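Chemist: Below is the structure I would like to discuss, written out as structure tokens.
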Amino acid sequence: MALFDHNGLVGEEAVNEVILAHALGVASVLNSRAPWASPLTLPEGWRELTTEEVDDYFLTEFTRLGMFNLESPFRGVHEKAFEVAVYVEEDDNGQPIRLSVSFSATNSFIDIPDFLFLNDGHHLAASMEPFLTEVAGLAESYGLSGEDVLVTGYSLGAGMANVMARFKGELADGFFVDSDYIGHATPLVFDDSDIYNFGYENDIVHRIAGAEQGVIRLVNEVGLKIRGRDLYYENSSDNVVIFDDKYGNNSFASPEFALLNLKGLSAHLSGVKWNHIPNIANSPFYDLTNRDSLVIVSNLNRGKSETYWVEDKASAATRADDYSGFVIGTGLANKLADGKGNDFLDAGEGKDHIRLTLGYDEVEGGKGIDTVHLSDSDITAYRLSDGDLMIHGDSGLKRLHDVEFISLGSNGDNLTENRQAVFALKTERAKEGTDGDDTLKGAVLFGGDGNDILKAGAKGALLHGGDGQDRLEDGRGDDQLYGAAHDDILIHSRGNDLLNGGHGNDIFAFAANASGEVRIEDFGRAFGETDFLLFAPDIFSSLGDVLDNTSVTEDGLLIQSQDLTIILDHADIDAINAQTILFGEA
């Protein structure tokens, strides 16, 4: 289930719906700001209500800016207070086929008190009731049902969409129960699968009011300063960061990420732009994402994109985690950097520089002349039949696609130092799989597509599963097993091995009489994914046994049993639980 999948919609259909909701939500606020401004063009096929439709179906006050004024709990009915727009989508014959209820964001100071009523919700829902009954009447006149209605908004408007989703069973006699609800940069979260909330972790407004039902509960939770919180909800994006020039500055949102600190609003304002959503969705790595994925998407303009390294960085608003993530550039010249986990870097068009350090990384260079900077000085390269270049060194395994140059022993400070053309690199031989399901045995194996079985055929073997659900088995020891994409099984029996599951819900299995030292680089280190440890009965037979033999170290967890030592890099003790610990044979 990718990042934008929601409410039964998947793939391109889900992406287009989220983009549409953003466009209509932003239109409702920008078009309500001033009568002299040129209105924002609506998406193709959509229009505003006609005068006849307003006169025939609505008693709610309608303004010269094309907005309905609902009764604000604080100010009553007042222009630029509680505003909402209705838009109509027509088919090629001019027949209405869909409606949108688009709540306006804050467009004047008199909106601000309405934030105090979001968490309770009852007063706002009562204000919506007569208006939504009128919208239902309009929809029915065109033969439409609640399923044909998109409810959306940006910022405060998204909060109103969450309120409507919460009370949808009561409003307008339940007409909008089956509507599609999408909020962008919402302050309030109604944590229910019927509404999808997209926003940015470094946006102070996104989720600021949480899901507390009542403003007193909210203040008790966050204090009068209304500080930002690192919250997680089933129906919201909680780990997406928009990297603009304000965020790139080391002083971003300091000293405190709070609502009254205006620096924290930069991502909120940048989020009004629409192009970041298709940038994420058009990435070749998009299908690997999920709703909880760590995604850093660049919103830097020309000049700034060549100044800042776009990466998972620490700030007053965000932590620099050791979790796997996706780093997405723009069509300009980018500087992208990985983290300590398994990272997927999409440079896009332009003359890009990509800095790689630890872990398993994949790079899509895209169009333009791209340079990858590797911390390793000594590498072994393998060129695959699909043109991909696999780089193996002490820092891990890297997959490069559409990259023209590499720079060895580089931290990226000198962008032209030690550059080598990729086409001139000396490469070693390896055994590759086909597009189908293969069984391979050897010293260096790349499974490629399909559900493959890879077996180490020599000491110090290198195995890479590629796409598909693969099974990787070590050999005589000192092997390195990389599952790569999707749900894989990596099996250790003896020797000192390095295991890296890559993307997906992976199983790290330990065969009977397993011995040696095993380092697992990425156990439980990707948001929205679950990894497992599978022990043969002679190693451990219960969760209690595992926990009794597990200790917390400075760098993660250490598990010991007889002649077997397991090191889980950067793992938390909470990762060892009844769900993630399995018993039996692989």
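Chemist: Take the residues of segment 530-586 that are among the hydroxyl-bearing types (Ser, Thr, Tyr) and closer than 17 Å to SER515 by Cα: which is surrounded by the fewest Cβ atoms within 10 Å (Cβ to Cβ)?
Modeler: Top of the filtered list is SER541.
Chemist: Follow-up. Quick check, is PHE405 among the aromatic types (Phe, Trp, Tyr) and closer than 20 Å to ASP346 by Cα?
Modeler: In short, yes.
Chemist: Among the residues that make up segment 359-370, is at least one of them in contact (Cβ under 8 Å) with a residue 40 or more places away in the chain and more than 17 Å from LEU288 (Cβ to Cβ)?
Modeler: No.
Chemist: Oh, and also: Just give me the residues in segment 446-467 being buried (at least 24 other Cβ atoms within 10 Å of the Cβ), free of Cβ contacts under 8 Å to residues at least 60 places away in the same chain and not charged (D, E, K, R), in sequence order.
Modeler: If the condition is that a residue be buried (at least 24 other Cβ atoms within 10 Å of the Cβ), free of Cβ contacts under 8 Å to residues at least 60 places away in the same chain and not charged (D, E, K, R), then GLY447, LEU454, ALA456, ALA461, LEU463, GLY465, GLY466 are the ones that fit.
Chemist: Can you find, within segment 328-372, the residue that is nearest to the chain's Cα centre (by Cα) among those that are over 21 Å from VAL240 (Cα atoms) and among the polar types (S, T, N, Q)?
Modeler: Out of the qualifying residues, it is THR357.
Chemist: Oh, and also: Within segment 490-503, how many residues are crowded, with 21+ Cβ neighbours inside 10 Å and either among the acidic types (Asp, Glu) or more than 14 Å from GLY359 (Cα to Cα) (or both)?
Modeler: Residues in segment 490-503 being crowded, with 21+ Cβ neighbours inside 10 Å and either among the acidic types (Asp, Glu) or more than 14 Å from GLY359 (Cα to Cα) (or both): 5 in total.
Chemist: Name, by its number, the condition in (1) in contact (Cβ under 8 Å) with a residue 40 or more places away in the chain; (2) over 28 Å from the mean Cα position of the chain (by Cα) that does not hold for ASN411.
Modeler: Answer for ASN411: the failing condition is (2).
Chemist: Taking the criterion of being within 23 Å of the chain's Cα centre (by Cα), in a loop (DSSP other than H, G, I, E, B), under 25 Å from LEU300 (Cβ atoms) and at pLDDT 75 or above, would at least one residue in segment 259-269 satisfy it?
Modeler: So far as segment 259-269 goes, no, none of its residues is within 23 Å of the chain's Cα centre (by Cα), in a loop (DSSP other than H, G, I, E, B), under 25 Å from LEU300 (Cβ atoms) and at pLDDT 75 or above.
The values are calculated or read from the model by the stated rules, or taken from the named source; none is laboratory data. Only a predicted model underlies this, so the values are computations on that prediction, with no experimental measurement involved. Cβ atoms come from the backbone with ideal geometry, glycine included; neighbour counts cover every protein chain shown.
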